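The structure appears right after this line, and notes come after that.
Read-outs: derived from the displayed coordinates by stated rules, not from any lab. None of these values were measured; they are calculated from a predicted model. A quick note on method: Cβ atoms are made from the backbone with ideal geometry, for glycine too, and the neighbour counts reach across all protein chains shown.
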Amino acid sequence: MSAYEEAAVQDGPLAALAALAAHGPRYRLGLGAPPPGASGWLAADRLLDPYGPELSRLLDTEYRGSGHRTAHAAALTLIAVYAGRVTAAAVLYWALTGRVLDVRPGNVLLRPDPGHGIAEVRLRAFRMLDRTGEGDGPPRRAPAETVGALQHAVLAQHLLPLADALRERTRAGLRQLRGGVAHGCATALGASRADPGLLARRWAAFLDGAPGGLAELGDVAAVTRPDGTRRLVYLRRTCCLFYTSAEAVRCASCCLTSRDDRIAAYEGRS
């Protein structure tokens, strides 16, 4: 077992969360209620109401922060950054340990970033969904045995209903919204220095039987970084319209950029 697995599986919630945070800020999860007096937090389960005030606030924050010209463009950017921040840690955790963190909407709190994206994410409680979808079970580190629980928690209960709510609210294209879901989930695997071949197999397992038709919306490739490390990257087939925001730049995985140019850009990253 790797050092990461030792920490994540045997040493308890704080060590597991610290191991995730070591992969970068987007994989940092808080635990429990926000500090007293903290403001701006949203309950993820309240975001699934397409006309609720929580989704209105999250969408409006992204619209203003990114400088988008239309609500549907803000929705497409939002779903990609949401999937790449709010539930991405669970995808990475499962890929490396085979265990499934409880990131169902009722267990997640988040704080929007006034500039762009999601500033902070917290779990109400640290739970595993490996065995039955409820509560803690014995460690099971075989991803093939636990992928169904991951698909249910991340996709069926969380990201796909959010995409549906954004579709209802803004009329953004459902295929494009689901492309953002796929992108956010896949980029989690690029945070690890594990064997890209192994991570690609994890991604294929995650897509196998997954709801939403995500397998058709992009693919993964292995690239070599300037420091010689090999990483997995995701190449989109749908557009998040971020290039229409005030920043007026294409995201690294933009389908409007050729595959060869995207791979070359990823290989040039430090």
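On average over all directions, what projected area in square nanometres does the chain have, based on the convex hull of its Cα atoms? Could the numbers behind the result be given before it?
Values: hull surface 53.7 nm².
Result: a mean projected hull area of 13.4 nm².
In percent, how large is the relative contact order of the chain, given Cα pairs closer than 8 Å and 6 or more residues apart? If you can, show how the numbers build up before the last one.
Working: 495 pairs, mean separation 51.6, N = 270.
Once divided by the residue count of the chain, the mean separation gives 19 percent.
Do the sum for the chain: with -39,500 (n - 2.57) for every DSSP H run of n ≥ 4, divided by all residues, what is the mean residue ellipticity at 222 nm, to the nearest 500 deg cm²/dmol? Each step should come with its number before you reach the end.
Working: 9 runs with 100 residues, N = 270.
-11000 deg cm²/dmol, from helical runs alone.
Could you please rank Thr238, Thr87, Thr224, placing first whichever residue has the fewest other Cβ atoms within 10 Å of its Cβ?
Lowest to highest Cβ neighbour count: Thr224, Thr238, Thr87.
Using the crude model of +1 on Lys and Arg Cβ and -1 on Asp and Glu Cβ, and no other charge, please compute the dipole size for region 3-267 relative to its Cα centre, in debye to 20.
Working: 32 positive and 26 negative charges, 74 e Å.
The calculated dipole for region 3-267 is roughly 360 debye.
Measuring from centroid to centroid over Cα atoms, what is the spacing of region 160-211 and region 94-126 in Å?
15
If we sort 16-28, 90-102 on the protection proxy, mean other Cβ atoms within 10 Å, highest first, what's the order? Working shown, then result.
Values: 16-28: 17.9, 90-102: 25.7.
By packing density, highest mean first, the sequence is 90-102, 16-28.
Looking at the chain as a GNM with Cα springs under 10 Å, which of Arg201, Arg178, Arg167 has the largest mean-square fluctuation?
Top of the fluctuation ranking is Arg201.
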